[in-house]
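The values are calculated or read from the model by the stated rules, or taken from the named source; none is laboratory data. None of these values were measured; they are calculated from a predicted model. Cβ sites come from the backbone with ideal geometry, for glycine too, and all protein chains shown count toward neighbours.
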Amino acid sequence: MDLRLELQPPIIDQDLAARLAVLAAKIDGARPGECGEWLAEFNDLAGTSIPFEHFQGIYDGEEYIDWARRVLRVQQTVPAADVTREELIEVVRRAMSVSGYAEYEAYMGILDANVPRRHASTLLFFPPDYGAPTNSFSVGPLMGNYAPTPEQIVDWALQPDPNNAKR
């Protein structure tokens with residue numbers, strides 16, 4: 001199924017992402033007060049207000065360029081008007097990393113932006129009734145048996161989570 005432009009990953013300005021990555025690398029590991037100009041420039045260029053603390057430890061988890069691209073992608077992903085269940089199912093198909101879409105993480109963000117359930121993309125990995133203490137869900141199957149369909153994920157995502165609703 002083809003998706004309309006509003007439901008596709010935003011096009012990222014690679015030069016901007018590269019500049020943001022350089023700034024993030026400078027801020028990460030800096031001491032408080034050492035990087036005010038870099039932090040202000042980063043937030044101005046990205047259109048964000050990310051605090052100093054959120055930059056600390058990026059190098060432990062991913063490349064700076066990937067982090068900067070994700071910041072830009074999140075900033076540019078907005079809810080689309082009149083999204084249908086069928087469109088959301090296609091978004092979820094593309095978000096499932098085994099689907100072969102390189103931008104699966106962007107599709108996860110698109111899902112999150114277009115449904116009432118907060119952090120709905122986590123449903124790709126955990127059921128709505130996941131119990132961390134037992135590593136199981138509802139009737140007791142272990143997480144290794146969790147294999148929802150895109151349709152199930154969308155149906156869950158369209159229902160607000162009473163414990164974690166969007167504000």
Which one is surrounded by the fewest Cβ atoms within 10 Å (Cβ to Cβ) among residues in segment 67-91 that are part of a helix (DSSP H, G or I), in contact with a Pro (Cβ under 9 Å, 6 or more places away or on another chain) and of a type outside the set (A, V, I, L, M)?
-> GLN75
Do we find that GLU105 is surrounded by fewer than 19 Cβ atoms within 10 Å (Cβ to Cβ) and in the same structural domain as ALA24 (by TED's automatic domain parsing) in this structure?
-> no
Restricted to segment 31-42 and to residues being crowded, with 16+ Cβ neighbours inside 10 Å and modelled with pLDDT of 95 or more, the residue nearest to ILE11 (Cα to Cα) is PHE42
Boolean, GLY57 is touching a Phe, Trp or Tyr at 6+ places or on another chain (Cβ under 9 Å), of a type outside the set (A, V, I, L, M, F, W, C) and surrounded by fewer than 18 Cβ atoms within 10 Å (Cβ to Cβ) = no
Where residues in segment 40-66 are assigned to a loop (DSSP other than H, G, I, E, B) and of a type in the set (Gly, Ala, Ser), which of them is nearest to THR77 (Cα to Cα)?
-> GLY47
